[in-house]
Amino acid sequence: MLTCKEQVARSSDYLDGQLTFRERLLVRHHLMFCPNCRRFIRQMRLMQAMLKRMPQAPVPEVDALAERLAAERRKGG
Amino acid sequence: MAAADDAHLLERLLKGEQQAYKELVTAYQSAMRVVAYAIVGQRHADEVVQDAWLSVVRNLGKFEGRSSLKTWLLTITANAAKGRYKQNRREVLLDDLPSPHGTIGAERFSPDDGHWAVAPYAWHQDTPEALLSEDELRNCLEHTLLSLSDLQSSVLVLRERQGLELEEICNLLTLSLSNVRVLLHRARLKVFAAVEHFEETGEC
């Protein structure tokens, strides 16, 4: 049985699908019996979802750049 | 963007249609900048992106659709960055800067049995939308990302915000898979600790 500390150490690999089948089972088994680690993994997933949805800064001067690139293309292409 | 969309956009780009370039820049420049930032750092990232755009325009005719347009653009950006890159990044690679809110480190666990000594604090909201509706938490996230090392934050953003696979990140940044895994894990634990701290205290 993994300890909580060992589970946390494997958590990113677990979320990224980087664990071997056996290690994945070990993590799942631990999660089944450990509410704290279930909360930890759930909140790690929440954090991932937050980062995914964080608004991106708008590209500065997008029109000027697009104009320059289009002109460059017409010139060279 | 799906392959069919790529193909349609490409057609318009080849014709030199300005609106198509605007769509391209809007869709991909942020991801390109993260790749440049990871390789050359803050100071030269914008120049690298500019170089990369010119290279993209000149080589558009050679894009064969074997990869997605996004992967192709990011590869060009990485190459432009590596062309400029002079310092030895390996030295700082695994440098682990202290984060303002720490991480989920050894002190959170009992030395006797490895169980949580200080259990994870339960966050107040259980959807990302609800959490992000708080301006202060959003600012806190931005602030925390900035506190990470260039490579840690880049790898995290490429993975979570840009949705790249680990292998793509390895190829773009010329890092081993094990290094990418370490960088990603450390970055996540620090951001986790920052959100937890915010949820617990209301402060960043």
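Among the residues of B:162-169, the average count of other protein chain beta-carbon atoms within 10 Å of the residue beta-carbon is 1. Taking a 25 Å limit on the Cα-Cα distance, which of the listed pairs A:Lys52/B:Lys190; A:Lys75/B:Lys22; A:Lys52/B:Lys62; A:Lys52/B:Lys82; B:Lys22/B:Lys190; B:Lys15/B:Lys82 fall beyond it? Among A:Lys52/B:Lys190; A:Lys75/B:Lys22; A:Lys52/B:Lys62; A:Lys52/B:Lys82; B:Lys22/B:Lys190; B:Lys15/B:Lys82, the Cα-Cα distance tops 25 Å for A:Lys52/B:Lys62; A:Lys52/B:Lys82; B:Lys22/B:Lys190; B:Lys15/B:Lys82.
Where Lys and Arg each count +1 and Asp and Glu each count -1, what net charge lies around B:Leu164 among other residues with Cβ under 13 Å from its Cβ? Could you put the intermediate results ahead of the total?
Working: positive: A:Lys52, B:Lys70, B:Arg159, B:Arg161; negative: A:Asp16, B:Glu160, B:Glu165, B:Glu167, B:Glu168.
That sum, taken over residues with Cβ under 13 Å, equals -1.
Could you work out, residue by residue across A:60-72, how many beta carbons of other chains sit within 10 Å of that residue's beta carbon, and then give the average as an integer? Don't skip to the end; give the middle numbers.
Details: counts 2, 1, 7, 4, 0, 9, 11, 3, 6, 13, 11, 4, 7.
The per-residue average across the peptide is 6.
How much net charge surrounds A:Leu26 when only other residues with a Cβ under 11 Å from its Cβ are counted (Lys, Arg +1; Asp, Glu -1)?
Value of the local net charge: +2.
Most mobile of A:Gln56, A:Gln48, A:Gln18 per a Gaussian network model of chain A (Cα springs, under 10 Å)? Highest fluctuation of the listed residues: A:Gln56.
For B:His115, what charge total do you get from the other residues with a beta carbon under 11 Å from its beta carbon, if Lys and Arg give +1 and Asp and Glu give -1?
-1
In terms of its alpha-carbon gyration tensor, chain A comes out prolate; a/c meets the 1.5 threshold, and the first ratio a/b outweighs b/c.
For chain A, modelled as a GNM whose springs connect Cα atoms under 10 angstrom apart, the maximal fluctuation among A:Leu46, A:Leu31, A:Leu65 occurs at A:Leu65. Each listed q (0.14, 0.16 Å⁻¹) maps to a log10 I(q)/I(0) for the protein assembly as shown, found by the Debye formula over equal Cα scatterers with no solvent: -1.03, -1.24. For the pair the stretch B:1-70 and the stretch A:1-49, the centres of their Cα atoms are 37 angstrom apart. Note that the stretch B:197-204 has calculated 3J(HN,Hα) couplings of 4, 5, 5, 7, 10, x, 10, 8 Hz, one per residue in order, obtained from phi through the Karplus relation 6.51 cos²θ - 1.76 cosθ + 1.60 (θ = phi - 60°); glycine and proline are x.
Backbone phi angles across the stretch B:132-137, fed through the Karplus curve with coefficients 6.51, -1.76 and 1.60 (θ = phi - 60°), yield HN-Hα couplings of 6, 5, 8, 3, 5, 5 Hz in residue order; Gly and Pro are listed as x.
R0 = 51 Å: FRET efficiency of B:Leu54 with B:Glu134, Cβ-based, nearest 0.05? Before the final figure, lay out each step's value.
Numbers: r = 41 Å, r/R0 = 0.80.
It comes to 0.80.
The label-point distance for B:Glu64 and A:Asn36, in a model that sets each label 7 Å from Cα toward Cβ, rounds to 5.5 nm. For the stretch B:89-201, a/c is not less than 1.5, where a ≥ b ≥ c are the root eigenvalues of the C-alpha gyration tensor, and a/b does not top b/c. That puts it in the oblate class. If one takes the longest principal axis of the Cα atoms in chain B, at what angle in degrees, from 0 to 90 and to the nearest 10, does the Cα axis of helix B:69-84 lie? Compared with the principal axis, the helix lies near 80 degrees.
Bear in mind that the values in this text are calculations on the coordinates, not laboratory data. Source: prediction; values computed, not measured. Neighbour counts run over all protein chains shown; Cβ positions are idealised from the backbone, glycine included.
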